[in-house]
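To start, the structure under review is shown below, and the notes come after it.
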């Protein structure tokens, strides 16, 4: 892999591979072949496990076929497809991958040019486009498909606009809502969609992703990534790309000194998150810190020492969790979570936020 290539692989709309979700794929295929295809679906599950990849896989499958509700009729003699896969050299695959298919509309948070970051929600303007799009005559005479990636990020008005169209959907129209938190969707919206829940990837599927995308990893590095990723291929690949393994080891070496932190080492670590080049390191480090604190809270609550991630980490987790401090660790986890949320909302200095987060941990450990 060259220095400029990303281990994350193709975007979901251009990804021909689906790992670990054979049952979910089979459910969509069965609904299509049986003529029971609901007009709106919620594909739910943890972030980074392949929900959007499955949505685009199903969209390509439908867009490559004539309009019909399922099996039977004129097409009954055609061999039944064994999967939703479409060859990457198929014209429909290429047009979907390039964002140029006339019968596919994608909704997701837009980039805010003024603030130089993604907007916090999918707005009403984007959602209104769904009704206009679905009421058009299909350009290629078949299906029209909408993929809403991050559906829980729709504003209330946007969600209501989508609700109106799926209450009275046009023929041969399909809405696929990809959601990391389906419980945040409007109850009325959830009630009018068929729900398909995808689970976190098991170790076998995650190992396949890492072996194909990051063949240069050592077995020890791959094992650590799998544990840090919690069944999310997207998280594993992002951690690898953003130096997460190194940051995690440095973070654990620092925390090993609790209840006292090495001030010089803390400042060196925090320095990596400062300035224009430090945003990626900041995001990765703070995500890892919150993740490890949640691990500590679980250990304190169950009184069980989790399997060791790196040398000394298991012993540290067991030592801090051994005392009756569950309430204290919950409090510091919430405090740091609020601190990081404030950084996002009011743009606090990243280095100072990191220092304050680790100092809160030091105070709780004493």
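Numbers at a glance
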read-out	value
Contacts under 7 angstrom Cβ, first residue in segment 308-322 being touching a residue at least 60 places away in the same chain (Cβ under 8 Å), partner part of a loop (DSSP other than H, G, I, E, B), 6 or more apart	312/256; 316/256; 320/258
Residue within segment 244-255 that is in contact with a helix residue (DSSP H, G or I) (Cβ under 8 Å, 6 or more places away or on another chain), at pLDDT below 95, outside the structural domain of residue 107 (by TED's automatic domain parsing) and surrounded by fewer than 17 Cβ atoms within 10 Å (Cβ to Cβ) present	no
Flag for residue 139 being surrounded by fewer than 21 Cβ atoms within 10 Å (Cβ to Cβ), free of Cβ contacts under 8 Å to residues at least 60 places away in the same chain and either in the same structural domain as residue 92 (by TED's automatic domain parsing) or over 18 Å from residue 103 (Cβ atoms) (or both)	yes
Hits in segment 277-305 - residues which are without any contact (Cβ under 8 Å) to a residue 24 or more places away in the chain, over 25 Å from the mean Cα position of the chain (by Cα) and at negative phi	299, 302, 304, 305
Selection within segment 102-121 - in contact with a strand residue (DSSP E or B) (Cβ under 8 Å, 6 or more places away or on another chain) and not in a strand (DSSP E or B)	103, 108, 109, 110, 119, 121
Residue among 202, 230 that is in contact (Cβ under 8 Å) with a residue 40 or more places away in the chain, within 20 Å of the chain's Cα centre (by Cα) and surrounded by fewer than 14 Cβ atoms within 10 Å (Cβ to Cβ)	202
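The values are calculated or read from the model by the stated rules, or taken from the named source; none is laboratory data. Being a predicted model, the structure only gives us computed values, none of them experimental. Cβ sites come from the backbone with ideal geometry, for glycine too, and all protein chains shown count toward neighbours.
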